[in-house]
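Q: Before anything else, here's the structure in question.
The values are calculated or read from the model by the stated rules, or taken from the named source; none is laboratory data. Predicted model, so just to flag it, every value in this text is computed and none were measured. Accessible surface areas use protein heavy atoms only, side chains included; no ligands, DNA or RNA. Shrake-Rupley method; radii C 1.70, N 1.55, O 1.52, S 1.80 Å.
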Amino acid sequence: PRRDLRIDFFRGLALLTIFVDHLRGNPWNQWTLREYGLVTALDVFILLAGVSGYLAYGTRLGTRWSDSKDGLRRLGRRIVTVYGAHLGLVASLLLLAGVVSLLWPSYPVQRYLRLGRLVHDPLSTGPGVLTLSVQPLFCGILPVYVLLLPTLPLVVWGLRRSWLLPLAVGLVLFLVGAFGDLDLPSGT
């Protein structure tokens, strides 16, 4: 089926809002979702990524294993592609930080991008990058997507049983994340 441009539009708007929320000292981040409710632009992006994932792969995931092989293969390729893009982004940030450090040695780019441990101790932090538990600043969206994509078959299975099942699970996870005292890894 054709792409739904409305989803792409709002996903792009969510990405722009995430960008605005990360810029320090700008007046626009006072007007984003983060300031007015329990959800942020990241939550909207993840929701829309789930909807587009369902539209792209949900119909290819059959009710039996033999009917689902093509959908699971395509989903696996997508996971590998996004994972590779994340590793490429981290490598690009390391290269960018190296160039900036050479041109402007007094600018603390490694500290700002949270690359210090990765640059100075790559043997101990490199595996953390590979397992998605160590991330430079601004590199959190792709690992979230990589970790959520494998749950898509479970969501599709739940939707085929009752649309309330994935909604209830999502609501419980949202409430635990919003009000629970979770100590999740946040970077290097």
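Q: Pick the calculated P(r) over Cα pairs in 10 Å bins from 0, in percent for this structure from (1) 8, 27, 35, 22, 7, 1; (2) 8, 24, 31, 25, 9, 3, 0; (3) 7, 20, 15, 12, 12, 11, 8, 7, 5, 3, 1, 0?
A: This structure yields the entry labelled (1).
Q: What angle, in degrees between 0 and 90 and rounded to the nearest 10, separates the Cα long axis of helix 41-57 from the longest principal axis of the Cα atoms of the chain?
A: Tilt relative to the chain: about 50 degrees.
Q: Express the accessible area of the chain per residue in Å², computed with a 1.4 Å probe while the remaining protein chains stay in the model.
A: So the chain comes to 68 Å² accessible per residue, rounded to a whole number.
Q: For Phe179, what accessible surface area do you get with a 1.4 Å probe? Give it in Å², rounded to 10.
A: Here the residue's solvent-accessible area equals roughly 140 Å².
Q: Hey, another quick one. Where the accessible area of region 17-163 is counted over protein heavy atoms with a 1.4 Å probe, how much of it, in %, is carbon and sulfur?
A: 68
Q: Excluding ligands and nucleic acids, what accessible area in Å² is computed for Phe10 using a 1.4 Å probe, to the nearest 10?
A: 110
Q: Rounded to the nearest 500, what is the 222 nm mean residue ellipticity of the chain from helices alone, with -39500 (n - 2.57) per DSSP H run of 4+ residues and division by all residues? Intermediate results must be reported in sequence, preceding the final value.
A: On the way: 9 runs with 126 residues, N = 188.
After summing the helix terms and dividing by residue count, I get -21500 deg cm²/dmol.
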